[in-house]
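The values are calculated or read from the model by the stated rules, or taken from the named source; none is laboratory data. If you're wondering where the values come from, they're calculated on a predicted model, not measured in any experiment. All Cβ positions, glycine included, derive from the backbone under ideal geometry; neighbour counts span all protein chains shown.
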Amino acid sequence: MLVTGIKSKPVYAPLQADTGGRYHLMLGSGVGAAPLLRVIAEMRSAAVPSLQYTQVLYAPDGGAAEAADDQSGATAAVAGFRAAALGGVRTFRGTPALLGEFRSTLERSLMGTRLYVAGPESFIGLAMKIALEFNLNKDEIRAEECGTLARRVYCIHCRATTEQVRTNIVSCVGCARWLLVRDHYSRRLAAYMGVMVDAEAPGELPPLKQVFL
Amino acid sequence: MSDAQTIAVEVVGIEQVTPLIKHFKLAPLAGGDLPVFSGGSHIIVVMPGADRVHKNPYSLLGSPQQLDTYEIGVRRMEESRGGSHYMHDRVAIGSRLEIAHPVNLFGLDKIARKHVLIAGGIGITPMLAQLEDLHGGGVPYELHYSVRSAEHAAFLQRLRRREGARLHMYYDSEGQTIGFESLLATQPLGTHVYVCGPTGMIDHVIATARSCGWPGSHVHWEQFSAPPVGDAFEVFLARARISVHVPPDRSLLESIEAAGVEVPYLCRGGVCGFCHTRVLELDGDLLHNDHFLSAAEQARGNSIMPCVSRAHCKRLVLDL
C-alpha cells in the first residue's frame, strides 16, 4: 500500500505577486497572513495599480487548534491589511464563513483575477475545490502552505471526511474503521484518501504516530 | 501520418457562399460514416495537382453529429501556391479526393463557464462546428463575427437562424470593429476566448486578453499558415543520407516528401508541432514561419518546422 511518493500530493510554492493579473483576490487563514502581507509589499514596490484592485478575505482563527496561542499575531496581521489601502479587507470567524464569501466573490469576479491562498493545507484544499468549480486554472492560482499539516481524510469505504487528522492512522468519524492516511490526494474532494488499514488482518494496527503536525 | 491512412471521398456538394468562399461536401467512397470528430477539428485534403500533390488543412464546419459527409469552406487565396485554386477551379461534383483523419488542435475547453468566439472572415469555419458542440450544452456563449461586407459574410443565414441574439456581426464596410478591450475586460471568471481569423486579429485578441489580465490557459486561437514562397536552397538529410533541392514555390516538407522521406505531421500549417525537426548544421539563417515555437526557440536556431519554414543558406543539415 503506497503511502508516499504519490504524484497527486499537492506541491506548493512561496507566493509571489502576479502583476499580469488585473484583480487580486487573497484568502488567508491564521498564520497565512504573513505570505499575503509579503505579496502586498511586493505589489507596492512593483508600483503597478494592483493594491486598489486587491481584496483580502482572512480568517484569523485559521486552524482552530493554533488560534489560542497566536491571537496577537492575527490582530497585527489584520492591522497590516487595513493599513495597505487595499480594495477591501474582510475578516471571518472560521473557515466555512470565509469560504461562503469566497464563493459569492467568485460569482461576481471577472476574467483577469488572480487568486492567492495562504494557510494550512486543508484550508488551501477547500479553497482550491471552489476555485476549480469556477474553472480557475493553474496559471490563475497561487498557494503557499503554512500552519498545521493536519489533513482532511476521506474514507473510501463510507465516504465520510474526518477533519484535522494528525496521525498516520485514524478512526473514521463515519464508520469507525481504522484508516491508513495515504498521500493520494483528490482535488475534487479536497481530501487525502483513507483506506482500511486492518482489512487483511483484523485488529492488527500499526503503531499510532503523530505525523501531520 | 502518411497517405496510407487517408480516406477516399467524393465531392457531393459545392456552393459558392461568398465571392471568395466555396463550401464543399465530401462523402466517403466506401459509404457509411466518416470518423467521429469534435468542433474545431481540421482535415488535410490531398489534391492531385498536375505538377504536384497539394495537401492543405481545412477546418470541418459541419455538425459533429452528422458523419455521412464532411463539410469544409475554402477561401480562394490571392497568392495561392495552388491548393485553394485547385479546390475552386478543378474540383466539381463527383471529383474524388483523399483526406486525412480529423485532428483537433482548436477544441473547446470542456469545463469552461462561458465561451466567447471571435471569427474574422474564413475563420468562421471551425467555429461553425464548435457552435454545434455548444448547442444545448447549457454553457453560455457568444459569437463575434467580423467580415469585410455583407456579401462576404459566409454562412450568415445559418448563423442567424441558429444563434439568434448570441451572434454579433461587424462589417468593415460600415466601419464596425469588435471592441476587444470592452469585450474582454467584462467577462465572468471561467470564460474562455477563441479566435480564428487574420493574423492581425489574432495578435490583437492575444495582446488585449493579456492586458486585461487573462492567463494564457483561457486564450485559444488557430491559424493555418500557407507555406510562403522563398528562395531555393539545398538541404541534406543526415539519416537518409540524401541531398534535397527545395524550389521557391515548394515547402521544405513537400520537398522532403517528394524525395521519398516521410516526416510526421498533423496540420501542415505551422500549428501542431508534429513536424518539429532538429537542425544539425546551418551556414545561414532559418526563416521561421510557424506559430508553434516560442520566439526564444526560434532564435536558438537548432530546430525548424519544415511545413511552413524555410532557410536562407548554402547548407542545411536536418536530423531526418
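Pairs meeting the criteria (first residue in the range B:213-227 and more than 14 Å from chain A (Cβ to nearest Cβ), second residue of a type in the set (Ser, Thr, Tyr) and assigned to a loop (DSSP other than H, G, I, E, B), beta carbons under 8 Å, at least 6 apart or on different chains) are B:Ala226/B:Ser80; B:Pro227/B:Ser251.
Here is a yes/no grid of residues against (1) of a type outside the set (Ser, Thr, Tyr); (2) within 23 Å of A:Gly94 (Cα to Cα):
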| residue | (1), (2) |
| --- | --- |
| A:Ile156 | yes, no |
| A:Arg159 | yes, no |
| A:Thr162 | no, yes |
| A:Ser171 | no, no |
| A:Cys175 | yes, no |
| A:Tyr185 | no, no |
| A:Ala191 | yes, yes |
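Just one of the listed residues (B:Glu222, B:Glu181) is in contact with a Cys (Cβ under 8 Å, 6 or more places away or on another chain), acidic (Asp, Glu) and surrounded by 21 or more Cβ atoms within 10 Å (Cβ to Cβ), namely B:Glu222. Residue check: is A:Ala47 at pLDDT 90 or above, in the same structural domain as A:Ala85 (by TED's automatic domain parsing) and surrounded by fewer than 20 Cβ atoms within 10 Å (Cβ to Cβ)? Spelling it out, it is not the case that A:Ala47 is at pLDDT 90 or above, in the same structural domain as A:Ala85 (by TED's automatic domain parsing) and surrounded by fewer than 20 Cβ atoms within 10 Å (Cβ to Cβ).
For the range A:117-149, the set of residues classified as part of a strand (DSSP E or B) and within 11 Å of another protein chain (Cβ to nearest Cβ) consists of A:Ile141 only. Condition first: in contact with a helix residue (DSSP H, G or I) (Cβ under 8 Å, 6 or more places away or on another chain) and either within 14 Å of another protein chain (Cβ to nearest Cβ) or assigned to a strand (DSSP E or B) (or both). Can you find one or more residues in the range A:29-47 that meet it? Yes, the conditions are met somewhere in the range A:29-47. Which of the residues that make up the range B:114-141 are out of contact with any strand residue (DSSP E or B) (no Cβ under 6 Å at 6 or more places or on another chain) and closer than 25 Å to A:Leu136 by Cβ? Within the range B:114-141, B:Gln130, B:Asp133, B:Gly137, B:Gly138, B:Val139 meet the criteria. Tallying residues that are without any contact (Cβ under 8 Å) to a residue 40 or more places away in the chain and more than 7 Å from every other protein chain (Cβ to nearest Cβ) within the range B:186-201 yields 2. Determine whether the range A:82-104 contains at least one residue that is closer than 15 Å to A:Gly28 by Cα and within 11 Å of chain B (Cβ to nearest Cβ). No; the residues of the range A:82-104 include none that is closer than 15 Å to A:Gly28 by Cα and within 11 Å of chain B (Cβ to nearest Cβ). Among the residues of the range B:9-28, is any acidic (Asp, Glu), modelled with pLDDT of 95 or more and closer than 20 Å to B:Glu78 by Cα? Yes - at least one qualifying residue is present in the range B:9-28.
Taken over the range B:202-212, the residue count meeting the criterion of being within 12 Å of chain A (Cβ to nearest Cβ) and of a type outside the set (Val, Ile, Thr) is 4.
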